[in-house]
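Report on the structure given below.
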Amino acid sequence: MFTGIIDHCGKVLQLNQFQHSAILKIKSEFSDLILGESIAVDGICLTVTQIENSVFTCDISSETLRVTTAGQFQIGQNVNLERALLPTTRMGGHFVMGHIDTTANVARIQQQGEFTELEIEGLTPEFLVYLVPKGSISVNGVSLTINQVSPAGFTVMLVPHTLAKTNLKNLKTQIKVNLEFDLLARFIATHYKNNYTEAL
């Protein structure tokens, strides 16, 4: 489990893709990673399988390749990194599982002084039910607050600190991002749907 508060950006050094899997190597600033620990890479929960100095390796499954942007990582690309939270960690963001729900496209990027408004579109009704104004969402692993909900997506505001610490500053229109919807929103929507179905 994570918080959506990014530690720093790592750099993709290698991505070897096979028929049903891939192996990813990333250079990071972490000095005390442990084999087998979970790490969020652009919001994707992966397991550290090898460590060599400042470089760690992760295996990527076929399901992860299907649902996320992992298969599109490029050599030299910056990716958001966060280690799993500790019981003593301050919950500055929200509960993020690292289980990506879907990807969507950046539709609009608008500067507002030092801030950046980001609009994400391309969501189906299946996912729109999880969007709540002022609710939480994870975009490439970054915990953000939903400003507005539209018929096909939502907007968020990126503050200067988020732009400085994450790779969201590098986004361009039509780029796909990883989305994980708020766990509480999913629980409530599922509960409501099940109760409504039973009432019918």
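Each reported figure results from applying straightforward, stated rules to the coordinates on display, with no laboratory input. Please read all numbers here as calculations on a predicted model, not as lab measurements. A quick note on method: Cβ atoms are made from the backbone with ideal geometry, for glycine too, and the neighbour counts reach across all protein chains shown.
Sticking with the crude label model, points 7 Å out along Cα→Cβ, report the distance from Ile188 to Phe95 in nm, one decimal please.
1.4
Report the relative contact order of segment 102-199, percent, no decimals, based on alpha-carbon pairs under 8 angstrom and at least 6 residues apart.
Dividing the mean separation by the residue count of segment 102-199 yields 34 percent.
Compute the acute angle (0 to 90°) between the alpha-carbon long axis of helix 183-199 and the principal axis of greatest extent of the alpha-carbon atoms of the chain; round to the nearest 10°.
Between helix and principal axis, roughly 40 degrees.
With n ≥ 4 as the cut-off for DSSP H runs, can you work out [θ] at 222 nm for the chain, using -39500 (n - 2.57) per run divided by the number of residues, rounded to the nearest 500?
About -4500 deg cm²/dmol.
Straight-line reach from Lys25: which lysines have Cα under 30 Å away, leaving out those fewer than 8 places along the same chain?
Lys11, Lys165, Lys169, Lys172, Lys176
Only Cα pairs within less than 10 Å get springs; with that Gaussian network setup on the chain, which residue of Ala40, Ala104, Ala152 has the largest fluctuation?
In the Gaussian network model the winner is Ala152.
Can you tell me which of Asn53, Asn140, Asn80 moves the most in a GNM of the chain? Springs connect C-alpha atoms under 10 Å apart.
Asn53
Points 7 angstrom from Cα along the Cβ direction at Ala84 and Glu121: gap in nanometres?
Going from the Ala84 label point to the Glu121 one covers 3.9 nm.
Using a Gaussian network model of the chain with C-alpha springs under 10 Å, which one of Leu33, Leu168, Leu86 is most mobile by mean-square fluctuation?
The residue with the greatest mean-square fluctuation here is Leu86.
Points 7 angstrom from Cα along the Cβ direction at Leu13 and Leu35: gap in nanometres?
1.7
Excluding residues fewer than 8 places away in the same chain, name every one of the aspartates and glutamates whose C-alpha is closer than 18 Å to that of Lys134.
Cross-link targets: Glu117, Glu119, Glu121, Glu180, Asp182.
At a threshold of 8 angstrom on Cα-Cα distance, excluding pairs fewer than six apart, so keeping six or more, what relative contact order does the chain reach in percent?
Here the relative contact order equals 24 percent.
Under the 0.36 nm per residue contour assumption, what length would be gained going from the current alpha-carbon distance of Thr145 and Ala107 to full extension?
Computed gain between Thr145 and Ala107 is 11.9 nm.
To the nearest 20 Debye, how big is the dipole of the chain about its Cα centre, given +1 on the beta carbon of each Lys and Arg and -1 on that of each Asp and Glu?
Working: 14 positive and 18 negative charges, 57 e Å.
In total the dipole reaches around 280 debye.
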